[in-house]
Amino acid sequence: MDNIKLTIDHKEVSVPKGTTILKAAREIGIDIPTLCHFELAGMNIHNHPGGCRICVVEVEGRRNLAPACVTECMDGMVVKTNSIRVLNSRRTVLELILSDHPADCLVCAKSGNCELQALAIRFGVREIPFQGEQSSYKVEVSPSIVRDMNKCVMCRRCETMCNDFQTVGALSAIERGFPAVVSTAFNQKLSYSNCTFCGQCVAVCPVGALVEVDHTPKIIRAISDEKKTVVVQVAPAVRVALGEEFGMKPGSIVTGKLTAALKALGFDYVFDTDWSADLTIMEEGTELIDRLTRHLKGDKDVKLPLLTSCCPAWVNFFEYHFPDLKEIPSTAKSPQQMFGAIAKSFFADKIGVKREDMIVVSVMPCLAKKYECARDEFKVNGNPDVDFSISTRELATLIKQANIDFNSLEETPFDSPLGESTGAAVIFGTTGGVIEAAVRTAYEVITKKQLPKIDFTELRGLEGVRSATIDVDGLPLNIGIAHGLSNARRLLNDIKEGKSQFHAIEVMACPGGCIDGGGQPLHHGNSDIIKARWEAIYEADRNMPVRKSHENPSIKEIYKDFLGEPCGHKSHELLHTHYFDKAKVIEIKLD
Amino acid sequence: MENNYKQIRIALRNCGFINPENIEDYIARNGYAALASVLETNNPQATIEAIKKSGLRGRGGGGFPTGVKWEIASKNHADQKYVFCNADEGDPGAFMDRSILEGDPHSVLEAMAINGFCIGANKGLIYIRAEYPLAIERLLIAIKQAEEVGALGQNIFGTGFNFDIELRYGAGAFVCGEETALIHSMEGDRGEPTFKPPFPAQEGYLKKPTNVNNVETFANIPVIILKGWEWFAAIGTEKSKGTKVFALAGKINNVGLIEVPMGITLREVIYEIGNGIKDDKNFKAVQTGGPSGGCLTEKFLDTPIDYDNLIAAGSMMGSGGMIVMDEDDCMVSVAKFYLDFTVEESCGKCAPCRIGNKRLYELLDKITEGKGNMEDLDQLKNLSKVIKDTALCGLGQTSPNPVLSTIENFWEEYVAHVNEKKCPAGQCKALKSYIIDPDLCIGCTACARACPVGAIKGEKKMPHEINQNTCIKCGACMEKCKFNAISIK
């Protein structure tokens, strides 16, 4: 590609044609401030509406200031990023944004992690010279997400995630002029919309307009209630991200410290969602083998491809958008819900605790899990299998307020029996992991031979849609993988049109899968963080002594002692679910 | 109408002379002859060249050379291109485009087909306000009739050129007159502008090259083709050719649409065509360019009107609104009035326009309420400049113009509002005091009886007095007083 030369703040720089001023400046160490601009490199996620105007710069010969984030460099351009005109404009624009933003930083969930706050600090804003009307919207608390539109800065990042990346379309700009804000259609509640609660809007919101529902007070209350036995489970992706909240470098694996911290917090039993991930493979894998066998025998009614069902946002997505395909996904519950069902039956009986005296908490990288555990079908007489789901971020807050020095904790193993797991379970935490784990088991069960190589690298990667054909001893198994619901939509459309050649498809709603779930530590657009977590997941897999779900001794035991066989009667009762047609005609409800 | 000689009707040439619902009337006045000649000559480049040489510039406000726009669109190769007509006229009080569409719809259709032939597009779309039902009705009739006679549709005049025109209705958002916002609105998206480049001529409707011209621009095209670019270029000033339609309004004796050659002075427009200020009051200012234009004072009365002179004077051509103000108009209130409009019409996408204009309005409101100080004036100036410098689209970049031009030309009026808490024009209610002159008052009690809030007290046949704290400044007392004893201070 052609290179062009320009001058930024008296420094010459040469960049490929098409480079923005913002990128060119950053290449030579000039960090032009931004607010609305957001990119997740390598994930095809871009948001640059050029709306906040914080990044304006002076370009010689241009009448007005240019937004650096969308203005392309031209040959011979002379750019000033810190002239008086630029600094005054930027500051004035920032003051304007602050003049319509609640100054409740002390009690804001994003405080310390807020990009607007960071700008105010960077600009040394001591007072807001503009006084006037402030936006006034009702705060909405949905099952997973709290929306405070008074804090919305119209950066449109959530809109990009919801519309472009997820094709859900729950959030978009409404109203015009001063009242313009990003909200749902007709400013209705999220619950009335098609929101899947994936939480990607929360993951990218620069301010406190979109945050998770905080369940930490409920956890503290449960732990301090002596009549309750509080059991906690931790999802695979949490262990490769939590360290970031305590200053560790991205990709640090903190499983042992995490367990120690949960014990220090006072949970009675610290278990692992990885255990129930192995259980999921047994159920889902058996289902896959069953459908495949029937298909190979010429059964025309068998539904293929099998779709994974561990991601709750994905489940919501097909219930809303593709209800006619609701018979296709695996009926296996997600690992979170399988864990809850076993904990409140098998384990509660084992330790002699009544169901209603047991509280099951999950620590998840996810916000849709909050919604999932509240679904009616996962309750027995109104008592949920999983009582509360908290995010990685909420757990970090709990640890911090309990003055636990996370970094110096001694590594502690999970409790038994629901704590033992395999490498196949930990890779559930990233895109391609669930299907790889299933293939590891399916291969050995179908062929009755040992896998020549455990790592299916052809299933790994961060491209939005991937496919591979696995040779199962002469039987070609076609696998599709998608992360991001826009990519899932493409595969679903193919199924609808009868064009899909896949036997099984794995879908994760979030970029990279759970490693970048809506409940993870904020990455502020740095995709290197996501890549580091991704690598850590596979490192954790390699470090495990057992790497195939069906070889998990604890899983073998529970089938022997309690469940019987995979997809058997007891499994169906406890570990499988069904889906609903939730296609909506949006009703306007006035409260 | 003795001053009609100052006017030249090009864009409005047929309005009022033909039955717009009868294509034969249009054809009788050389209608569709330009299209026929362009198709017959079969040299799109030559036609574009003629438009370029004519010096025609965009009449929607931007003033971009029309021929150059066409040339860019013609050079961008694509399997599909579009011709867009921007009929989203939104300036308060302006109705130039509406008059053309209602009075001469075929001239626009013909020009769009010419444009389509020149740039290689076979699809034309008109974005028109749904509030213009008569214009819509007449356009629909005109399209049908043109198709019937073979001037639109398939194989036009047997030349093999196809061109269809459809209408799209806008919901009346001012910002949708901005071409990228207009395109997004037509695509079914939120009507808000996006950063240029890419320009619509490169990547417009459905990501295809799209040429967007305003109604009045199009209306000029057929005449330029028929009479030749030399004829058109002979009218006007060096850099602004042809005529401009203005909607003359305000404190002037003759209001209405006028079409005048570029280069005419404001004095000629106001005093000759407009026949002077109403009630023989003094001229104070003229606001050109719609809500985002500026106010020009007496010193600009003899400046020839063209694109560049108006910008140099701190205003702009805009789409052709022209509002005349007299000595009774308060310039701070005028600026506030226009800001009220832009605050309402901002799409809300960029922060300077969304919040900045709101704050500008609030500052002006504070000043007209008598609560402003000198620092507010500084802030008004700085904020206006920053909004102009940083806003995303033309709406935001020009919205502070009424503030800046009134500050520039009527600074002392602003100062009077904040320092003396006085409105020199006597318009700002909060700054008015109604005073009874005890020497003139005979104590007839008429004013006291008229006062709705009982603010006037006094013995019969004795001078009355107004309680300034209770007075709501409605002026009812002054109307009732037969002895001119009540005045505004």
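The values are calculated or read from the model by the stated rules, or taken from the named source; none is laboratory data. Just so it is clear, the structure is predicted and the values come from calculations on it, not from any experiment. Every residue, glycine among them, receives a Cβ derived from its backbone with ideal geometry; neighbour counts consider all protein chains shown.
Listed by position, the strands (runs of 3 or more DSSP E) contained in the stretch A:44-118 that have at least 3 residues being touching a residue at least 40 places away in the same chain (Cβ under 8 Å) are A:45-47, A:78-80.
Taken over the stretch A:119-130, the criterion of being part of a loop (DSSP other than H, G, I, E, B), away from chain B (no Cβ under 11 Å), within 17 Å of A:Cys52 (Cβ to Cβ) and not β-branched (Val, Ile, Thr) is satisfied by A:Phe123 alone. On the basis of being within 15 Å of A:Trp275 (Cβ to Cβ), surrounded by 13 or more Cβ atoms within 10 Å (Cβ to Cβ) and either in contact (Cβ under 8 Å) with a residue 40 or more places away in the chain or among the small types (Gly, Ala, Ser) (or both), does A:Arg533 make the cut? It is false that A:Arg533 is within 15 Å of A:Trp275 (Cβ to Cβ), surrounded by 13 or more Cβ atoms within 10 Å (Cβ to Cβ) and either in contact (Cβ under 8 Å) with a residue 40 or more places away in the chain or among the small types (Gly, Ala, Ser) (or both). Among the residues of the stretch A:139-148, is any in the same structural domain as A:Ala203 (by TED's automatic domain parsing) and farther than 30 Å from A:Met43 by Cβ? Yes.
Can you find a residue in the stretch B:402-416 that is in contact (Cβ under 8 Å) with a residue 60 or more places away in the chain, surrounded by fewer than 17 Cβ atoms within 10 Å (Cβ to Cβ) and part of a helix (DSSP H, G or I)? Yes, the stretch B:402-416 contains at least one residue that is in contact (Cβ under 8 Å) with a residue 60 or more places away in the chain, surrounded by fewer than 17 Cβ atoms within 10 Å (Cβ to Cβ) and part of a helix (DSSP H, G or I). On inspection, B:Leu383 passes the criterion of being touching a Leu at 6+ places or on another chain (Cβ under 8 Å), facing chain A (nearest Cβ under 7 Å) and either within 17 Å of A:Gly132 (Cβ to Cβ) or acidic (Asp, Glu) (or both). Residues in the stretch B:354-371 that are outside any helix (DSSP H, G or I) and either closer than 17 Å to B:Phe337 by Cβ or at the interface with chain A (Cβ under 7 Å from one of its Cβ atoms) (or both): B:Glu369 alone. In summary, A:Met74 fulfils each of the numbered conditions (1) surrounded by 16 or more Cβ atoms within 10 Å (Cβ to Cβ); (2) over 22 Å from A:Gly177 (Cα atoms); (3) within 14 Å of another protein chain (Cβ to nearest Cβ) with the single exception of condition (1). Do we find that A:Ala41 is of a type outside the set (Val, Ile, Thr), within 32 Å of the chain's Cα centre (by Cα) and surrounded by fewer than 21 Cβ atoms within 10 Å (Cβ to Cβ) in this structure? When the stated conditions are applied, A:Ala41 passes them.
Of all residue pairs spaced 6 or more apart or on separate chains, none has beta-carbon atoms under 8 Å together with a first member in the stretch A:247-260 that is in the same structural domain as A:Val234 (by TED's automatic domain parsing) and surrounded by fewer than 18 Cβ atoms within 10 Å (Cβ to Cβ) and a second member that is outside any loop (DSSP other than H, G, I, E, B) and among the β-branched types (Val, Ile, Thr). Restricting A:Glu436, A:Glu458, A:Glu420, A:Glu410 to those that are more than 22 Å from the chain's Cα centre (by Cα) and assigned to a helix (DSSP H, G or I) reduces the list to A:Glu458. Taking B:Leu392, is it within 10 Å of chain A (Cβ to nearest Cβ), among the aliphatic types (A, V, I, L, M), under 30 Å from A:Cys69 (Cα atoms) and part of a loop (DSSP other than H, G, I, E, B)? Taking the combined requirement at face value, the residue satisfies it. Residues in the stretch B:328-347 that are out of contact with any Asp or Glu (no Cβ under 7 Å at 6 or more places or on another chain) and within 14 Å of chain A (Cβ to nearest Cβ) were compared, and the one that is nearest to A:Arg156 (Cα to Cα) is B:Ser346. Residues that are under 18 Å from A:Leu485 (Cα atoms) and in a strand (DSSP E or B) within the stretch A:131-186 comprise just one, A:Ser172.
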